[in-house]
1. What distance in nm lies between label points placed 7 Å from Cα along the C-beta direction at residue 9 and residue 52?
2. Please determine, in degrees from 0 to 90 and to the nearest 10, the orientation of helix 64-81 with respect to the longest principal axis defined by the Cα atoms of the chain, where the helix direction is its Cα long axis.
3. If you take the square roots of the eigenvalues of the alpha-carbon gyration tensor of the chain and sort them as a ≥ b ≥ c, do you get rounded (a/c under 1.5), prolate (a/b over b/c) or oblate?
4. In debye, nearest 20: dipole of segment 13-143 around its Cα centre with unit charges on the Cβ of K, R (+) and D, E (-)?
5. Give a residue-ordered list of calculated ³J(HN,Hα) values for segment 36-42 (Karplus: 6.51 cos²θ - 1.76 cosθ + 1.60, θ = phi - 60°; whole Hz; x for Gly, Pro).
6. Using alpha carbons only, how many angstrom separate the centre of segment 66-143 from the centre of segment 1-51?
7. Rounded to the nearest 10 degrees, what's the angle between the helix 13-31 long axis and the longest principal axis of the chain, both from Cα atoms, 0 to 90?
8. Return a whole-number percent for the relative contact order of segment 65-143, with Cα pairs under 8 Å and 6 or more residues apart as the contact set.
Amino acid sequence: MTLLPDTGYTPTPEDRAGLDAWFAAYDEAGAARDVERMADLAVFPLNLVSDDASGHGACAQWDRGRYTETMRQVLADAGEAGISFESERTPVFLSSAMAVVFTDSTMTAGERVQRLRYADILIRRGDGWAFQTMMQGGWGDAL
């Protein structure tokens with residue numbers, strides 16, 4: 001469970017409902033392997049933050065093409081392995097238009113179960129929420 005900091009902003013029920021709807025749409029697109037729809041839910045260039053095998057921080061910016069190319073491969077690999085996810089998300093609203101969302105996820109592939117923790121930064125635009133930054137350890141060498 002993530003302990004929420006006091007950011008000085010208290011989200012409204014509509015704030016939370018909008019963010020929950022965004023994640024439902026993103027999860028649905030991911031399950032359908034609809035990479036273009038997933039990309040529609042992002043702001044590019046997309047920031048990625050991680051660490052590498054030597055323990056140093058790493059970051060990159062991806063354009064839509066790099067994101068869709070990478071996600072097509074990730075989802076193809078996940079489909080072949082029969083990977084499924086269950087996620088619990090904890091948003092921290094910095095304002096009505098910015099949120100950092102911590103996700104505790106359980107990834108299951110056959111008999112193998114792995115727990116993951118990552119964070120996304122989302123912003124609200126005129127047409128709804130969009131993710132702009134993805135943060136997760138262990139991916140720096142692939143950025």
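Where a number appears in this text, it was derived from the coordinates with a stated rule and is not lab data. Values in this document were obtained by computation on a predicted structure and should not be read as measured data. A quick note on method: Cβ atoms are made from the backbone with ideal geometry, for glycine too, and the neighbour counts reach across all protein chains shown.
1. The answer from the label model is 3.4 nm.
2. Helix 64-81 sits at roughly 60 degrees to that axis.
3. Rounded, because the longest to shortest axis ratio a/c is under 1.5.
4. 180 debye
5. 5, 5, 4, 5, 4, 8, 10
6. Each part's Cα centre sits 8 Å from the other's.
7. The angle comes out at about 10 degrees.
8. 20 percent
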